[in-house]
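Peer 1: The structure follows.
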Amino acid sequence: MMKKYPGNIRCYDIFAAIRQVTLAAVMLSVAMPVAAVISTGTDAETGLPYWEVVEHGVSIRLVQRLPDQTRGFFQARGFSIADAELIAQSCVFQTVFKNVAPPSDPGVIEYNLDEWIVHVAGAQRRMKTREDWQKEWSARNAPKAAQLAFEWGLIPTRQTYRPGDYNWGMSLFSLVPGTSFDLDVVWRQGGERHAARMKRVVCAPDVHVSPDTP
Amino acid sequence: MKTRMLFFIRCTMLASWFVLCAAHAAGYETAQTLSPLPKPFAAPDFTLQGEDGKTYRLSDYRGKVVVLNFWATWCPPCRYEMPSMERAHRKVQGENIVLLAVDVGESEDKVFEFTGQFPVTFPLLLDIDGAVIQKYPVIGLPTTFVIDPRGIITHRAIGSREWDDEKMLAPLRKLLKP
């Protein structure tokens, strides 16, 4: 039932609203951890789109990598043109996973990419990790130096971060350039499971610039 | 009308509260932390050639504190922290603290090219086939271990740090005191 206030006491409404919202905020902060904030924008360093999950003490950012960047990077590390092309066409993101908790916070953050789920066109599957790729490179007889660069260039499959720790590494989603997908990211903080869904993440398109391109 | 306005005020305030929480959580500055290992362990010994052509053996540094960094020239955070490692090296000269950076999987030429852009005067070692990094619990680059004078790994940092910061140097100096 709606509560009725005297019509001329407008300030009363405002103060009541402030009180109610403050009370709700306090109750929320006590009752549950801060919900993950998922945002997107343009990465200041690369000028490319990013998708980011931020929750208390955790920051996970995926930044698009252009297929041409990836081609150049892996060809320079000893991969054949065909193998570098295979990687470049696999929807690559630069991933930055950080424990941003203050040093006083003993919270340890762990993740395992085997728990992350890619949703695309109604289907879902797990990510292809370092270990999966290692088998592929062995089968394709990729040079050892190239395999080593690939292994260390990828975001680790499993990692444990203490406050201040972080990694940068590539994530490969094995999707055609330009594909849009959702990604469930999962991590554990102080043993407690957390998850968030990044929606409408887009693989960078494969742009071929010709001399005629304006 | 009044009800609608009240609803609008409530929504605005709640949204502001969430935005404030998010900004606080983001905290992009990486903390200057050096985590002590819950279970310290003996540093696996190794011998590697340096980019300067000399041979380096880890156990030759027994009696000193060693900051052992695993890196690669193509890794952005590794490149980012290298100048601070150089400044730290200069800062601790004569203090029985040494820095060693092990490049993983790259040739001498690649590392030489890097030092043309970022001059480094402490030893840069070449783990060309990745045999040394496999002996250490490294999962991502850069990872840095602190080894005490007895050859025990006591601390670890994953990701870059500002190594010349006194907050980072204090635990190293502490290890030198018996």
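Peer 1: Pick out, in residue order, every one of the trypsin sites (Lys or Arg not before Pro) in the stretch B:134-165 that is DSSP loop and has at most 13 other C-beta atoms within 10 Å; say none if there are none.
Peer 2: On the way: sites: B:K135, B:R150, B:R156, B:R161; in loops: B:R150, B:R161.
Qualifying residues, ordered by number: B:R150.
Peer 1: Considering every residue in B:159-170, what mean count of other chain Cβ atoms within 10 Å of its Cβ is obtained? Mind dumping the intermediate values first?
Peer 2: Working: counts 10, 3, 2, 0, 0, 0, 0, 0, 1, 0, 0, 0.
Going residue by residue through B:159-170 and averaging, the value is 1.
Peer 1: Here's something else I'd like to know. Please compute, for peptide A:152-165, the average count of beta-carbon atoms on other protein chains lying within 10 Å of each residue's beta-carbon.
Peer 2: On the way: counts 13, 5, 1, 2, 5, 1, 1, 3, 2, 4, 10, 4, 12, 11.
What the average comes to for A:152-165 is 5.
Peer 1: Counting other Cβ atoms within 10 Å, keep those with at most 16, restrict to DSSP loop, and tell me which trypsin sites (Lys or Arg not before Pro) in the stretch A:79-180 are left.
Peer 2: Working: sites: A:K98, A:R125, A:R126, A:K128, A:R130, A:K135, A:R140, A:K144, A:R158; in loops: A:K128, A:R140.
Those satisfying the criteria are A:R140.
Peer 1: Something else: Sequence-distant or interchain residues sharing an amide H contact under 5 Å with B:L99, placed H: which?
Peer 2: Answer set, sorted by chain and number: B:V67.
Peer 1: With respect to the cross-link table entries B:K64/B:K177; B:K54/B:K135; B:K54/B:K91, which display a Cα-Cα separation exceeding 19 Å? If you can, show how the numbers build up before the last one.
Peer 2: Values: B:K64/B:K177 11 Å; B:K54/B:K135 22 Å; B:K54/B:K91 23 Å.
Over 19 Å Cα-Cα: B:K54/B:K135; B:K54/B:K91.
Peer 1: Return a single number: how many Lys pairs in the stretch A:55-214, at a sequence separation of 8 or more or on separate chains, have alpha-carbon atoms below 28 angstrom apart.
Peer 2: Values: A:K98/A:K128; A:K98/A:K199; A:K128/A:K144; A:K128/A:K199; A:K135/A:K144.
Counting lysine pairs in the stretch A:55-214 gives 5.
Peer 1: Another question about this same structure. Which order do the peptides B:50-61, A:181-192 take when ranked by the mean count of other beta-carbon atoms within 10 Å per residue, highest first? Don't skip to the answer; put the middle values down first.
Peer 2: Values: B:50-61: 14.2, A:181-192: 16.7.
The peptides rank, most packed first, as A:181-192, B:50-61.
Peer 1: Sticking with this structure for a sec: Residues of A:142-148, mean number of Cβ from any other protein chain within 10 Å of their own Cβ, rounded to a whole number?
Peer 2: Details: counts 0, 0, 4, 6, 1, 2, 9.
That average works out to 3.
Peer 1: Be a star and scan the stretch B:55-82 for residues whose amide nitrogen sits under 17 Å from the point 7 Å along the Cα-to-Cβ vector of B:E108.
Peer 2: Flagged as within label range: B:55-57.
Peer 1: May I ask you to evaluate 6.51 cos²θ - 1.76 cosθ + 1.60, the Karplus curve with θ = phi - 60°, for each residue of the stretch A:157-164 and list the ³J(HN,Hα) values in order in whole Hz, giving x for glycine and proline?
Peer 2: With the stated coefficients, the stretch A:157-164 comes to 5, 10, 7, 10, 10, 9, x, x Hz.
Peer 1: A follow-up question, please. Between A:Q124 and B:K54, what is the spin-label point distance in nm, taking each point 7 Å from the Cα along the Cα→C-beta axis?
Peer 2: Each label point lies 7 Å from its Cα, and together they span 5.7 nm.
Peer 1: Looking at the square roots a ≥ b ≥ c of the eigenvalues of the Cα gyration tensor of the stretch B:32-176, which shape do they give, rounded for a/c under 1.5, prolate if a/b is larger than b/c, or oblate? Before the final figure, lay out the partial values.
Peer 2: Working: a/c = 1.40, a/b = 1.23, b/c = 1.14.
In terms of gyration-tensor shape, rounded.
Taken together, the values in this text are just the output of simple stated rules run on the coordinates, not laboratory data. This is a predicted model, so every value here is computed, not measured. Methodologically, a virtual Cβ is constructed for each residue, glycine included, from the backbone with ideal geometry; neighbour enumeration extends over all protein chains shown.
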